[in-house]
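Structure, as C-alpha cells:
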Amino acid sequence: MIKHLSIDVPGQGLHEITDRIQAAVHEAGIKEGLCTLFVQHTSASLLIQENADPAVRRDLEHWFNRLVPENDPLYTHQNEGPDDMPGHIKSALTATHLSIPVAGGRLALGTWQGIYLWEHRRSRGARRIVVHLGA
Amino acid sequence: MIKHLSIDVPGQGLHEITDRIQAAVHEAGIKEGLCTLFVQHTSASLLIQENADPAVRRDLEHWFNRLVPENDPLYTHQNEGPDDMPGHIKSALTATHLSIPVAGGRLALGTWQGIYLWEHRRSRGARRIVVHLGA
Amino acid sequence: MIKHLSIDVPGQGLHEITDRIQAAVHEAGIKEGLCTLFVQHTSASLLIQENADPAVRRDLEHWFNRLVPENDPLYTHQNEGPDDMPGHIKSALTATHLSIPVAGGRLALGTWQGIYLWEHRRSRGARRIVVHLGA
C-alpha cells in the first residue's frame with residue numbers, strides 16, 4: 001500500500017513526524033510488516049534520532065552546518081541560493097529513505113527513537129513523502 | 001522478484017542509472033510496490049540526487065574528495081591503491097542500498113530526483129547491483 | 001516475519017554480525033525476498049563494509065573518530081558522557097537500517113561484504129536489532 005504525505009515545514013531543521021507515520025500505519029491496518037518512507041526531494045533528508053534531549057538535535061544541526069557551510073568557495077552551483085548546495089551535500093551524507101519494521105500494529109522504534117524530516121533549506125514550505133507499507 | 005544488473009562504469013564519479021532501474025520495474029510488471037537496490041561492493045555507493053544542473057553533482061564529488069582525500073597519513077590500508085581507502089570511507093558516509101516506492105508502474109521519484117551509482121575508484125569496470133521488487 | 005535479536009558488544013567499534021543475520025534468514029526458510037535490519041538505538045549504526053583486510057575497518061573507525069571527536073566545544077549535550085554526542089552524529093552520518101536481498105536462501109552480499117553493528121559508545125552492553133523478512 002502506498003500513501004502520499006505532505007509535510008509543512010517551518011524552515012531549516014529537524015521536524016518530528018513520528019506521529020504522522022504511526023497514524024499512516026494505523027490507518028492501513030498493518031499488524032506486522034515493513035514501513036518505508038521516501039522523501040521526494042534532494043535538499044531534505046529522513047532521520048531516526050534521539051527524541052529526548054532537544055540539545056542532541058540542536059548540536060547535530062550545528063555540527064552539520066559547520067561541516068557543510070554556506071558560501072564555501074568550492075561551490076560552483078550558486079544560482080539557487082547559498083543554502084542549496086549545502087542541502088544537496090547534507091542529503092547525500094544522510095538518508096533519502098528509511099525502512100522501519102512494524103510489529104503489533106506499531107512502528108518497532110526503540111524507546112528513544114523519533115522519526116524526523118530534516119529540512120536543509122531556510123525557507124518554509126511543504127515536503128512530499130511517499131510511504132510504502134508491505135507485509 | 002530478484003534481478004541482477006551489471007553496470008559498466010567509465011571511472012570515478014556519479015553515473016545515472018534511473019533508466020536502467022525503471023526498465024527493470026517495467027519488465028517485472030509491478031504496478032505498486034517497493035524497489036530495493038543493493039550494490040555488491042564496498043567502494044561504490046547508490047545515491048538519489050538532483051538530475052537537473054550537472055554542477056550540483058560536480059560540486060558534490062569535489063566536496064567529498066576534499067573531505068576524504070587520497071594519501072591521508074591516517075590510512076594504514078594502502079596496498080590496494082590511494083583511491084581504495086577513500087572509497088571505503090565514502091561508501092560508509094553514503095548508501096549501499098536504496099528503497100524506492102513504485103506507484104502506477106513507475107518509480108515514485110520526485111521531479112528532480114535521479115538514481116546514481118557512485119563509483120569511488122578511479123579505474124573503469126563493471127559493478128553489480130541486485131534489484132528486489134516486492135509488493 | 002519479524003525477529004528480535006540482541007547483540008552483545010564488547011565496546012566501541014565494528015562488530016561483524018553477518019553469521020547471525022544469515023542464520024535468521026535460514027531459520028525463517030526464506031528462499032527469495034528482502035531482509036531488513038533496523039537498530040533500535042541512536043548511538044549505534046548498521047554498516048556493510050569490507051570483511052577482508054581488518055586495516056580497512058580500523059582506518060574507517062580512526063577516520064570517523066577524527067571527523068567527530070569527543071569534547072568538541074560545539075557540543076552542549078554533555079550529560080551522557082563525552083562519547084554520547086559523537087555517537088549521535090556518527091549515527092546520522094551512517095545507517096540505522098539496511099535492506100539486503102535474499103536469493104537462493106542466502107543474503108545476496110558481494111564476495112567482500114560483511115554486515116557490521118557499529119557501536120559508537122565506549123561501554124560494553126547489548127544492542128537490539130529488529131529483522132524483517134519479506135517476500
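Of all the listed residues (B:81, B:87), the sole one being in contact with a His (Cβ under 6 Å, 6 or more places away or on another chain), farther than 26 Å from residue B:22 by Cβ and more than 7 Å from every other protein chain (Cβ to nearest Cβ) is B:87. Of C:106, C:66, all but one fail to be at pLDDT 95 or above, within 13 Å of chain B (Cβ to nearest Cβ) and closer than 23 Å to residue A:55 by Cα; the exception is C:66.
Residues of segment B:12-28 that are in contact (Cβ under 8 Å) with a residue 60 or more places away in the chain, more than 13 Å from the chain's Cα centre (by Cα) and away from chain C (no Cβ under 14 Å): B:22, B:25, B:26. Just so you know, in segment A:65-95 the residues that are β-branched (Val, Ile, Thr) and open to solvent by 10 Å² or more (accessible area, probe 1.4 Å) include one that is nearest to residue A:122 (Cα to Cα), and it is A:94.
Quickly run through segment B:32-64 and pick out the residues that are surrounded by fewer than 16 Cβ atoms within 10 Å (Cβ to Cβ) and more than 25 Å from residue B:87 (Cα to Cα). Within segment B:32-64, B:32, B:52 qualify. Restricting attention to segment C:110-127, the residues that are within 7 Å of chain B (Cβ to nearest Cβ) and among the hydrophobic types (A, V, I, L, M, F, W, C) add up to 1. Taken as a whole, segment B:10-25 holds no residue that is within 30 Å of residue A:134 (Cβ to Cβ), open to solvent by less than 20 Å² (accessible area, probe 1.4 Å) and in a strand (DSSP E or B).
Beta carbons closer than 9 Å, at least 6 apart along the sequence or on distinct chains, pair a first residue in segment C:76-99 that is within 18 Å of residue C:37 (Cβ to Cβ) and in a loop (DSSP other than H, G, I, E, B) with a second that is open to solvent by 10 Å² or more (accessible area, probe 1.4 Å) and small (Gly, Ala, Ser) for C:96/A:95. Entry remark, segment A:26-58: residues being in a strand (DSSP E or B) and of a type in the set (S, T, N, Q) number 3 in total. Entry remark, segment B:31-43: residues being within 13 Å of chain C (Cβ to nearest Cβ) and out of contact with any His (no Cβ under 8 Å at 6 or more places or on another chain) number 2 in total. Filter segment A:102-114 for residues that are open to solvent by less than 20 Å² (accessible area, probe 1.4 Å) and touching a Ser or Thr at 6+ places or on another chain (Cβ under 7 Å) and give the result. A:113, A:114 - these are the residues of segment A:102-114 that are open to solvent by less than 20 Å² (accessible area, probe 1.4 Å) and touching a Ser or Thr at 6+ places or on another chain (Cβ under 7 Å). Among the numbered conditions (1) of a type outside the set (D, E, K, R); (2) closer than 19 Å to residue B:98 by Cα; (3) touching a residue at least 24 places away in the same chain (Cβ under 8 Å); (4) facing another protein chain (nearest Cβ under 9 Å), tell me where residue C:46 comes up short. Just one mismatch for residue C:46, condition (4).
When A:29, A:13 are checked against the criterion of being modelled with pLDDT of 95 or more, more than 28 Å from residue C:84 (Cα to Cα) and not aliphatic (A, V, I, L, M), a single residue qualifies: A:29. Which pairs turn up if I take residues in segment C:115-135 that are open to solvent by less than 10 Å² (accessible area, probe 1.4 Å) and look for partners that are in a strand (DSSP E or B) and aromatic (Phe, Trp, Tyr) with beta carbon separation below 6 Å, at least 6 apart in sequence or on another chain? Qualifying pairs under 6 Å: C:130/C:38.
Of all the numbered requirements in (1) within 10 Å of chain C (Cβ to nearest Cβ); (2) without any contact (Cβ under 8 Å) to a residue 60 or more places away in the chain, residue A:73 misses one, and that requirement is (1).
The values are calculated or read from the model by the stated rules, or taken from the named source; none is laboratory data. All values derive from a computational prediction rather than experimental measurement. Methodologically, a virtual Cβ is constructed for each residue, glycine included, from the backbone with ideal geometry; neighbour enumeration extends over all protein chains shown. Remember, those area values only see protein heavy atoms, side chains included, never the ligands or the DNA or RNA. Shrake-Rupley method; radii C 1.70, N 1.55, O 1.52, S 1.80 Å.
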